[in-house]
Amino acid sequence: MTSRFTATPAPATPPAIAKFPEFPPRADMMNSRHLHDQGHQPALRRHLGNPDTTLVLSEVPVSWDVPRSRAGVRIPDLIIAFNVRRAHILAQDGYAINEQGKPPDFVLEIASDTTAANDENAKWFDYANFGVTECWLFDPDWGKRYAAGLIGWTLVNGRYEPISIHRHAADMYYGDSRVLGLQVCWEHGQLRWYDPAGQRYLDTFDSLADERDAAVAEAQRLRHEIERLREDRE
């Protein structure tokens with residue numbers, strides 16, 4: 001007897017995602033102090049939006065394709081890329097340009113004693129070769145490790161051209177990132193991000209805490225004022 005039911009074929013097993021090799025962190029990395037401690041990554045993510053297709057992360061290996069070794073891989077301290085498969089990058093533990101169909105849009109390096117010379121030479125050359133639109137260098141100790149505290153390049157016809165850096169106050173400098181629509185700022189040795197359209201800095205953990213404390217203090221002041229007015233009426 002022939003069954004009138006048709007067996008449903010088992011779903012095909014999705015292909016395993018090829019992963020990048022592991023890259024252990026260096027002991028002299030400055031990301032904790034100048035990126036993570038201030039909360040720049042979540043601030044940039046919220047500002048730029050589109051969390052499923054916008055990548056804002058630190059220490060993501062970048063290569064033309066998934067490498068079998070560490071050769072030909074660059075690991076920027078901060079990487080920003082639009083219109084990419086963010087979940088695939090996270091699962092792959094790296095950014096394979098051929099799989100994303102485009103290079104990252106923005107990278108930033110923070111000076112450390114062991115990598116500063118490489119950042120200003122071979123590394124930025126590789127970023128240009130990858131096709132990264134903007135490459136930035138940040139040295140908290142102005143000129144100690146890099147030629148200056150803030151350096152930016154933009155890709156023009158396959159070559160990097162310098163981005164103008166402006167001084168607008170003592171120990172305060174900035175350059176315009178056309179890719180992000182933000183100003184990258186060096187202020188008293190700290191990295192900041194300024195939004196010219198909104199005329200405000202992106203929040204840091206400290207600035208949000210200051211706003212919260214001010215709001216709590218104002219609420220307490222109003223509560224005391226209301227209590228005083230009630231007492232005066234009585």
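Just checking, does segment 185-196 include any residue being out of contact with any helix residue (DSSP H, G or I) (no Cβ under 7 Å at 6 or more places or on another chain), small (Gly, Ala, Ser), modelled with pLDDT under 95 and under 26 Å from Trp124 (Cβ atoms)? Within segment 185-196, one or more residues are out of contact with any helix residue (DSSP H, G or I) (no Cβ under 7 Å at 6 or more places or on another chain), small (Gly, Ala, Ser), modelled with pLDDT under 95 and under 26 Å from Trp124 (Cβ atoms).
Right, Phe130: aromatic (Phe, Trp, Tyr) and farther than 27 Å from Glu187 by Cα or not? Talk me through it step by step, then tell me what you get.
Details: aromatic (Phe, Trp, Tyr): yes; farther than 27 Å from Glu187 by Cα: yes.
Answer is yes for this residue.
The residue of segment 85-108 that is nearest to Glu134 (Cα to Cα), among those that are within 17 Å of the chain's Cα centre (by Cα) and acidic (Asp, Glu), is Asp105. Residues that are within 19 Å of the chain's Cα centre (by Cα) and among the acidic types (Asp, Glu) were ranked within segment 109-119; the one that is farthest from Gly152 (Cα to Cα) is Asp119. Residues of segment 164-178 that are outside any strand (DSSP E or B) and under 18 Å from the mean Cα position of the chain (by Cα): Arg178 alone.
Just checking, does segment 113-122 include any residue being without any contact (Cβ under 8 Å) to a residue 12 or more places away in the chain and of a type in the set (Val, Ile, Thr)? Checked against the condition, which is being without any contact (Cβ under 8 Å) to a residue 12 or more places away in the chain and of a type in the set (Val, Ile, Thr), segment 113-122 yields no hits at all. If you go through segment 177-207 and keep only what is out of contact with any strand residue (DSSP E or B) (no Cβ under 9 Å at 6 or more places or on another chain) and at positive phi, you end up with Gly189, Gln199.
Among residues of segment 79-90 that are closer than 13 Å to Asn50 by Cβ, those with a Cβ under 8 angstrom from a residue that is of a type in the set (Lys, Arg) and surrounded by fewer than 23 Cβ atoms within 10 Å (Cβ to Cβ), sequence gap 6+ or separate chain, pair up as Ala81/Lys102; Asn83/Lys102; Val84/Lys102.
The values are calculated or read from the model by the stated rules, or taken from the named source; none is laboratory data. Here the structure is a predicted model, which is why all the values come from computation and not from measurement. Quick reminder, even Gly has a Cβ in these numbers, built from the backbone with ideal geometry, and neighbours come from all protein chains shown.
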